[in-house]
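Okay, so here's the structure we're looking at.
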Amino acid sequence: MPTLSPTPKSMKAWTISRRGTPQEALKADHLPVRTDLKPNEVLVKVSHAALNPFGYRMMWAVPSFVRVKPSVPEFDFSGRSEKLGKDAESDFVLGDDVFGMVTPSEGVKLGSGALAEYVVVARDHLRPKPRSMSFEAASGLGNVFMTAVSLLEKSGLKSGDHVFINGGSGGTGLVLV
Ligand SMILES: NC(=O)c1ccc[n+]([C@@H]2O[C@H](COP(=O)([O-])OP(=O)(O)OC[C@H]3O[C@@H](n4cnc5c(N)ncnc54)[C@H](OP(=O)(O)O)[C@@H]3O)[C@@H](O)[C@H]2O)c1
């Protein structure tokens, strides 16, 4: 499994162990870096993480007993690929600039979110960062980009079809446009 040299054993991360507002629930913490990747996973060194209104709602609404504890919140990030699972080697090389998202269900089940120095994600939730885009800007793309792409895939649209995009000024709408 190729890797960039040497990944630290622990990282700084924001974690939550209880429900509440960010002020009540967030704690500056240290966690182990997960390097035992499944074949389809990629370890990313996070450059920027984005704060999504949904992340706030999850902090507030998800009952404590369904979470892994401690758990790292938030979903969207940009960064650099640090270690690749075997199957991810066909999509990425080490050191690629990427953006992506942790799915909310993975975030809750595995406790692994974007507000950390490293994040592990499935390769299909990761894309190369456009060169013209900064890490800051790309960190806000993951959720809306994956939503827009999955909408397009499910829509059955063909080249030449006309579509009205409602809410075209929003995150998902802009990506679709
Ligand atoms: N994975 C998922 O299932 C998933 C992921 C992301 C988003 N979503 C859903 O997709 C939708 C868009 O999300 P987003 O992140 O792109 O939101 P967003 O960035 O807040 O954009 C919302 C868009 O809706 C427009 N809008 C708001 N109120 C309106 C109204 N009363 N009449 C007409 N247009 C109105 C806004 O227009 P203005 O700019 O003019 O206010 C804006 O274009 C939301 O319903 C969200 O819950 C689902």
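Miscellaneous remarks
- Residue in region 3-29 that is farthest from PHE75 (Cα to Cα), counting only those that are open to solvent by 100 Å² or more (accessible area, probe 1.4 Å) and under 19 Å from the mean Cα position of the chain (by Cα): LYS12
- Filter result for MET133 (at negative phi and at pLDDT below 95): no
- Checked against the criterion of being under 19 Å from the mean Cα position of the chain (by Cα) and within 26 Å of ARG127 (Cα to Cα), the candidates VAL62, VAL44 yield just one match: VAL44.
- Just one residue in the set GLU89, GLU136, GLU153 is more than 14 Å from the ligand (Cβ to nearest atom), farther than 29 Å from ASP29 by Cα and not in a loop (DSSP other than H, G, I, E, B); that residue is GLU89.
- Near pairs, Cβ below 6 angstrom, 6+ apart or cross-chain, from region 152-171 (open to solvent by 100 Å² or more (accessible area, probe 1.4 Å)) to any residue that is within 14 Å of the ligand (Cβ to nearest atom): none
- Any hit, region 106-127, residues being exposed (fewer than 12 other Cβ atoms within 10 Å of the Cβ), more than 16 Å from the ligand (Cβ to nearest atom) and in contact (Cβ under 8 Å) with a residue 24 or more places away in the chain: no
- Count of region 47-76 residues which are hydrophobic (A, V, I, L, M, F, W, C), free of Cβ contacts under 8 Å to residues at least 60 places away in the same chain, assigned to a helix (DSSP H, G or I) and open to solvent by 50 Å² or more (accessible area, probe 1.4 Å): 4
The values are calculated or read from the model by the stated rules, or taken from the named source; none is laboratory data. A quick note: this is a predicted structure, and the numbers were derived from the prediction, not measured. FYI the Cβ positions are ideal-geometry reconstructions off the backbone, even for glycines, and counts take in every protein chain you see. Surface areas here come from the heavy atoms of the whole protein model, side chains and all, with no ligands, DNA or RNA. Shrake-Rupley method; radii C 1.70, N 1.55, O 1.52, S 1.80 Å.
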